[in-house]
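The values are calculated or read from the model by the stated rules, or taken from the named source; none is laboratory data. Everything numeric here is computed off the predicted structure, so don't read it as measured data. A quick note on method: Cβ atoms are made from the backbone with ideal geometry, for glycine too, and the neighbour counts reach across all protein chains shown.
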Amino acid sequence: MVFLLALLFSCERKEEGEKEKGPVRIGFSAATETFLLERWDRDIQIFMSSARDRGAEVIMQKAEGDAQGQIPQIEYLIEQGVDVLVVIPHDMELLAGVLKKAEDRNIPVLAYDRPIMGIPITGYVSFDNREVGRLMGQALQKVVPRGNYIIVNGSVRDNNSYEVNRGVYESLDRAIGDGQISVTEEIWLDEWSYDEAYEKIGKVFRENRDIQAISAANDQIADAAIRILSEWQMAGKVAVVGQDADLLSCQRVVEGTQLMTVYKPIPRLAHRAAELAVALAQGNRPEPDRTLDNGSGTEIPYYVETPIAVFKDDMDSTVIKDGFHSREEVYRTYR
């Protein structure tokens, strides 16, 4: 009798406050254009695998079109009752309204790689994007201490574009001030677009080919720049840098038509983001590496990974050693 009463009491307590919960449900929203870039497919696949390894369920939504297309996708994830939202924003500012709905439902929001501006969010995980720019500027200045530069920035809708730009100038400002380096053209893109970059860089070269260095905000833009240089028989004669360690850019680095690419160890970022998402869903708030001012009046916890400059001599010890690309792929040694 005593045993039965104890068992009933135990069951009552479980019903009141100790119900077993199902797996953490992560809502992941990514803008369409991210799938057009080589690196993003890798990010998302690693994140989803890592989250599942932690017992979490991932509901993936690929937003169609621009930021306006991403809004209903996030609304859908909120209605699914997810425990945490992970967002790669297409536009750094236009998602504030829909994410307020997540806040109202106490759903943590983690911005992945690109920050969300103007609204308090739970966290932001990315690489040090200003350091990406510094590495690019330093690499160019080392081989072109004097000369004419073009700086091609990323999307005006992505705060990372501005951070990379600031880093580039932090490296070059003194030489610019001394008159050793001249930025003859600075280009801003509406989107992270190869076609737009090709058009705008091409226009510059049709008017002026006295260029010694090009800072390209990512490897897709570097690809557009090198195509134009090839058309003018200048490939390998103008120093070009980019970021993301795309396979084509790694091949060009070892072949000598691209000086450097900034390698961002994607597995580290994706695994950390998955770990953070699960922790946030469970009500934990891991200590950040630093904070970010996103214009919301609240300092945002910022979880930071370190980028790495990769030149020809570093390829084997970084990109290839990590398994990001194989040696056969980079050096095109297939038979």
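Which residues, counting only those in region 282-308, are part of a strand (DSSP E or B) and free of Cβ contacts under 8 Å to residues at least 40 places away in the same chain?
290, 291, 293, 299
Can you tell me which residue in region 229-260 is nearest to residue 199 (Cα to Cα), limited to those that are among the small types (Gly, Ala, Ser) and touching a Leu at 6+ places or on another chain (Cβ under 7 Å)?
235
Of all residues in region 225-244, which are within 20 Å of residue 137 (Cβ to Cβ), part of a helix (DSSP H, G or I) and without any contact (Cβ under 8 Å) to a residue 40 or more places away in the chain?
226, 229
Could you tell me which residue of region 127-149 is surrounded by the fewest Cβ atoms within 10 Å (Cβ to Cβ), considering only residues that are out of contact with any helix residue (DSSP H, G or I) (no Cβ under 7 Å at 6 or more places or on another chain) and under 30 Å from residue 299 (Cβ atoms)?
Selected residue: 128.
Out of the residues in region 278-315 meeting the condition of being among the aliphatic types (A, V, I, L, M) and in contact with a Phe, Trp or Tyr (Cβ under 8 Å, 6 or more places away or on another chain), tell me which one is nearest to residue 82 (Cα to Cα).
Restricting to residues being among the aliphatic types (A, V, I, L, M) and in contact with a Phe, Trp or Tyr (Cβ under 8 Å, 6 or more places away or on another chain), the top hit is 300.
So, in region 193-228, of the ones that are of a type in the set (Asp, Glu) and within 16 Å of residue 239 (Cα to Cα), which residue ends up farthest from the chain's Cα centre (by Cα)?
Applying the filter and picking the extreme gives 210.
Could you tell me whether residue 150 is closer than 24 Å to residue 56 by Cα and at pLDDT 95 or above?
It is false that residue 150 is closer than 24 Å to residue 56 by Cα and at pLDDT 95 or above.
Is it the case that region 201-221 has a residue that's under 30 Å from residue 267 (Cβ atoms), in the same structural domain as residue 144 (by TED's automatic domain parsing), assigned to a helix (DSSP H, G or I) and out of contact with any Ser or Thr (no Cβ under 7 Å at 6 or more places or on another chain)?
Scanning region 201-221 turns up at least one residue that is under 30 Å from residue 267 (Cβ atoms), in the same structural domain as residue 144 (by TED's automatic domain parsing), assigned to a helix (DSSP H, G or I) and out of contact with any Ser or Thr (no Cβ under 7 Å at 6 or more places or on another chain).
Identify all residues within region 168-185 that are under 17 Å from residue 261 (Cβ atoms) and surrounded by fewer than 23 Cβ atoms within 10 Å (Cβ to Cβ); write none if there are none.
171
Hey, any hits in region 93-114 for a residue that's buried (at least 23 other Cβ atoms within 10 Å of the Cβ), touching a Gly at 6+ places or on another chain (Cβ under 8 Å) and more than 20 Å from residue 278 (Cβ to Cβ)?
no
Could you tell me which numbered condition residue 68 fails, if it satisfies all but one of (1) farther than 19 Å from residue 280 by Cα; (2) in a loop (DSSP other than H, G, I, E, B)?
Condition not satisfied by residue 68: (2).
Scan region 95-113 and report the pairs whose first residue is closer than 12 Å to residue 77 by Cα and of a type in the set (D, E, K, R) and whose second residue is surrounded by 15 or more Cβ atoms within 10 Å (Cβ to Cβ) and at pLDDT 95 or above, with Cβ atoms within less than 6 Å and a gap of 6+ or a chain change.
From residues that are closer than 12 Å to residue 77 by Cα and of a type in the set (D, E, K, R), the pairs are 101/78.
To keep it simple, each residue is scored yes or no on (1) loosely packed, with under 13 Cβ neighbours inside 10 Å; (2) over 21 Å from the mean Cα position of the chain (by Cα); (3) farther than 24 Å from residue 51 by Cα.
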| site | (1), (2), (3) |
| --- | --- |
| 276 | no, no, no |
| 318 | no, no, yes |
| 321 | yes, yes, yes |
| 325 | no, no, no |
| 328 | yes, yes, yes |
| 331 | no, yes, yes |
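A quick yes/no check of all residues on (1) at pLDDT 95 or above; (2) within 18 Å of residue 193 (Cβ to Cβ); (3) buried (at least 23 other Cβ atoms within 10 Å of the Cβ):
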site: 43; (1), (2), (3): no, no, no
site: 46; (1), (2), (3): no, no, no
site: 49; (1), (2), (3): yes, no, no
site: 57; (1), (2), (3): yes, no, no
site: 67; (1), (2), (3): no, yes, no
site: 73; (1), (2), (3): no, no, no
site: 84; (1), (2), (3): yes, no, yes
site: 90; (1), (2), (3): no, yes, yes
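Looking only at residues in region 245-277 that are part of a loop (DSSP other than H, G, I, E, B) and touching a Phe, Trp or Tyr at 6+ places or on another chain (Cβ under 6 Å), which one is nearest to residue 22 (Cα to Cα)?
Ranking the qualifying residues of region 245-277, first place goes to 264.
Given the structure, is residue 319 of a type in the set (Val, Ile, Thr), in contact with a His (Cβ under 8 Å, 6 or more places away or on another chain), at negative phi and not in a loop (DSSP other than H, G, I, E, B)?
Spelling it out, residue 319 is indeed of a type in the set (Val, Ile, Thr), in contact with a His (Cβ under 8 Å, 6 or more places away or on another chain), at negative phi and not in a loop (DSSP other than H, G, I, E, B).
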